[in-house]
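Colleague: Before anything else, here's the structure in question.
All of the numbers you see were taken from the coordinates with simple rules; none came from a lab. Predicted, not measured: the structure shown is a model, and the values here were computed from it. Reconstructed Cβ throughout: ideal geometry from the backbone, glycine too, with neighbour counts over all protein chains shown.
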Amino acid sequence: MGADPGGGTGMKGAEDCEALLISAVQAEDTELVRSLLRDDSNCRVRDLAFCLAVRSYCGHIAQLLLQYGADLSRCASDELLPLRKAVESGSPALVEALLGDHPESELLDMCDLARHWHETGVETELRRRTGSTDAVACTWVQDDEYHSINEFTLGGMTVRDGHGAILMYLEELLGVRTSFEELMDRALAHTCQDHTAWGRAAIQLADRRDQATWAAAAALRTHPDPSHRLFGAEVLRLTHLFDDSNEDTYAGPALDIFIDWSAEETDVAVLTEVLVALGEHGELRAEAALLPHGGHSDARIRRAVAQGLSSWSSSPRAFSGDARTALLRLMTDPDAVVRKTACCTVAVGQDHDPVFADAMAAVLNDADRLVQLAAVYGLALHNDERCVEAARALGPRQPGSLEEEGYLEAVWRYEWRRDCR
C-alpha cells in the first residue's frame, strides 16, 4: 500500500493492526483479539478475521468478532465453511456464528445430521468414518465465552461432542418444543455442568417460564442422583434470574424452595448451585440461609456464601452483624478465590464502615495478586487514600487482563474524584 498522503503513519498503523489481529486469531488468543478489537474500527479487518476464525474452526473467536461488528453477510460463501461442516465439527459456537439466513429445509437436514452424531456418539462415528482402531485422544477445550466441550481426535479427524447442543439450537430456531425429559437427557449425557449441552438445555428450559417446566425441575430436588438435582436447581435458578417481568412470578417460590433445599442438601456441587441461587435474592431470609454455610469445609461453598452476600451491594443499608462477621472472616480465608470474592463483595457494598477498609488494607500484602488487586479496588471504592500507594506498589497491569484493568481503573477514578474536590 502507498504512504499516508500527509506523511503520517496512519496507513502503517492500520496495516499493523490488521496483521496483529490476524496473528491473534491464528494463535487463538482470545484476550488479545478482544483487546485489539476494542481499539480498532476497521470493518474490513474484522470481516477478514471472522472468515479466518471460521475456517480455523475457532467458533468462540468468530462469535467474539461478530460481537464487535464483523458481519457474516459481507463474507463470500467460499470464504466460509458450509453449515454442514460446522455441524459435523460438533462445535455449537461455530454453528451459531454461521447461522445467517438458511431455508427451513436446510435447517431440518442439519437437525437430522446433528441428531445422528448425538445419538451415535462421537467416538463411534469417528471409528466408522476413519476405520481406525487406535486409542481416541480426548481433550477439554473452550467452545464459547462461557462453556467448554470435549474434543476427540482419531485417524487425523477432530470432532467436538456438542451435537446435542447444536440440535437444541436448531430445534429452537425451527420452533420445535422438545420435552423437558429429552433436554435433560441431552444435558446429563455430559457429566460437567460447564459443558455447552448442559448450559444450552438449562437455559432453553428456563426461558420457557411456565408452570409445567417449573414443576418438573422442582421435582428433581428429591432425585437420588446428584446430577439430576443439580440440573433441576440450575433450571429453577435461571427461571427466576431470567424473569424480567414486572410481576417477578418466580421470586417467592424460588426463595422458598432454595431456603429449604439449602438446609438439607449434602452434595457440594448441588449445594453450591443452591447457595448461588439464594445469593440472587436480596432478602434477609436468603442471608439467614446463606450464613450457616460460611464455615463449610469446601471452598466452593464458602465462595458461594461470599458472593451471595453481594446481593446487598446496591442497597444503602449496612450489612447485618452476622454478615459483617462472616465477610471479615472470609477475607482471611485459606482459599485465595474466597478471599478475593469477599473483598469484592465488601468493595461494591454500600456499607463503608471503617472496619472494612482496615480489613482490605490488611490484605494488601496477600500472597495472591488478584486478592491484592481486589483490596486496592475496594479501598478505591471506599474512598480510602491507601489505594493509591498500594496500586503503585503492584505495578502495571498484566498484559491482556481486563480484570486487572477494571480494578486499577477504580484507583484512577478515585484520584480524579479526590483532586476535583
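Colleague: Could you work out how much longer the chain between S179 and T325 gets when fully extended? Use 0.36 nm per residue separation minus the Cα distance between them, nm to one decimal.
Modeller: Taking S179 through T325 to full extension adds about 48.0 nm, to one decimal.
Colleague: For region 265-375, rounded, prolate or oblate, judged on the Cα gyration tensor with a ≥ b ≥ c (square roots of eigenvalues), a/c < 1.5 rounded, else prolate if a/b > b/c?
Modeller: It is oblate, given that a/c is not under 1.5 and a/b is not larger than b/c.
Colleague: Another question about this same structure. Only residues of region 389-410 count here: report those whose backbone N is under 18 Å from the spot 7 Å along Cα→Cβ of N365, or say none.
Modeller: Only 389-395 fall inside the zone, counting backbone N under 18 Å.
Colleague: Could you please report the charge total around A286, scoring K, R as +1 and D, E as -1 over all other residues with beta-carbon less than 11 angstrom from its beta-carbon?
Modeller: Around A286, the surrounding residues sum to -3.
Colleague: Of all beta bridges DSSP finds with both residues in region 82-206, what is the antiparallel percent, to the nearest 5?
Modeller: So the antiparallel bridges amount to about 90 percent of the total.
Colleague: Just report the Cα centroid separation between region 169-185 and region 256-309, whole Å.
Modeller: The distance from the Cα centre of region 169-185 to that of region 256-309 comes to 31 Å.
Colleague: Let me ask something additional. For n ≥ 4 DSSP H runs only, could you compute -39500 (n - 2.57) per run for the chain, divide by its residues and tell me the 222 nm figure to the nearest 500?
Modeller: After summing the helix terms and dividing by the residues of the chain, the value is -18500 deg cm²/dmol.
Colleague: What's the center-to-center distance, using Cα atoms, between region 405-421 and region 52-95 in Å?
Modeller: First find each Cα centre; the distance between them is then 40 Å.
Colleague: Of L275, L80, how do they rank once you tally other Cβ atoms within 10 Å and put the fewest first? Don't jump to the answer; show the numbers that get you there.
Modeller: Details: L275 27, L80 19.
By the 10 Å Cβ count, ascending, the order reads L80, L275.
Colleague: Identify which of P92, P396, P226 has the largest mean-square fluctuation in a Gaussian network model of the chain, with springs joining Cα atoms closer than 10 Å.
Modeller: Answer for the Gaussian network model of the chain: P396.
Colleague: While we're on this one: Towards the positive end of the charge dipole of the chain, with charges on Cβ (+1 Lys, Arg; -1 Asp, Glu), say which of L83, V276, L255 has the farthest Cα.
Modeller: Among L83, V276, L255, the one farthest towards the positive end of the dipole of the chain is V276.
Colleague: What nm distance separates the two modelled labels at K85 and D248, each placed 7 Å from Cα along Cα→Cβ?
Modeller: Calculated label separation equals 5.0 nm.
Colleague: Quick one: D366, D134, D71, fewest Cβ neighbours within 10 Å first, how do they rank?
Modeller: D134, D71, D366
Colleague: Arranged by the count of other C-beta atoms within 10 angstrom, fewest first, what order do Y57, Y68 take?
Modeller: In increasing order of surrounding Cβ atoms, one gets Y68, Y57.
Colleague: Oh, and also: Could you tell me what percent of the DSSP beta bridges with both partners in the chain are antiparallel, to the nearest 5?
Modeller: Around 90 percent of the beta bridges assigned by DSSP in the chain are antiparallel ones.
Colleague: Based on the Cβ-Cβ distance from E385 to E28, what FRET efficiency comes out when R0 is 41 Å, to the nearest 0.05?
Modeller: Given R0 = 41 Å and the Cβ-Cβ separation, E is 0.45.
Colleague: Roughly how many nanometres apart are two label points built 7 Å out from the Cα toward the Cβ at D101 and S56?
Modeller: 3.0 nm
Colleague: Explain nothing, just the number: relative contact order of the chain, from Cα pairs under 8 Å at least 6 residues apart, as a whole percent.
Modeller: Relative contact order for the chain comes out at 7 percent.
Colleague: Between region 187-231 and region 373-395, what's the alpha-carbon centroid distance in Å?
Modeller: 41 Å
Colleague: Please give the contour-minus-distance gain from T332 to R392: 0.36 nm per residue of separation, less the Cα-Cα distance, rounded to one decimal in nm.
Modeller: Result for the pair: 19.3 nm of gain on full extension.
Colleague: If you bin every alpha carbon distance in the chain into 20 Å steps from zero, what whole percent lands in each bin?
Modeller: 22, 48, 29, 2
Colleague: Seen from all sides and averaged, what is the projected area of the convex hull of the Cα atoms in region 192-307, in nm²? Each step should come with its number before you reach the end.
Modeller: Details: hull surface 27.7 nm².
Average projection, Cα convex hull of region 192-307: 6.9 nm².
Colleague: Sticking with this one: Shape of region 143-192 from its Cα gyration tensor (a ≥ b ≥ c, root eigenvalues): rounded if a/c is under 1.5, otherwise prolate when a/b > b/c, or oblate?
Modeller: Prolate.
Colleague: May I pose another question? Calculate the FRET efficiency for D78 and R285 from the Cβ-Cβ distance with a Förster distance of 41 Å, rounded to the nearest 0.05.
Modeller: Computed FRET efficiency for D78 and R285 comes out at 0.10.
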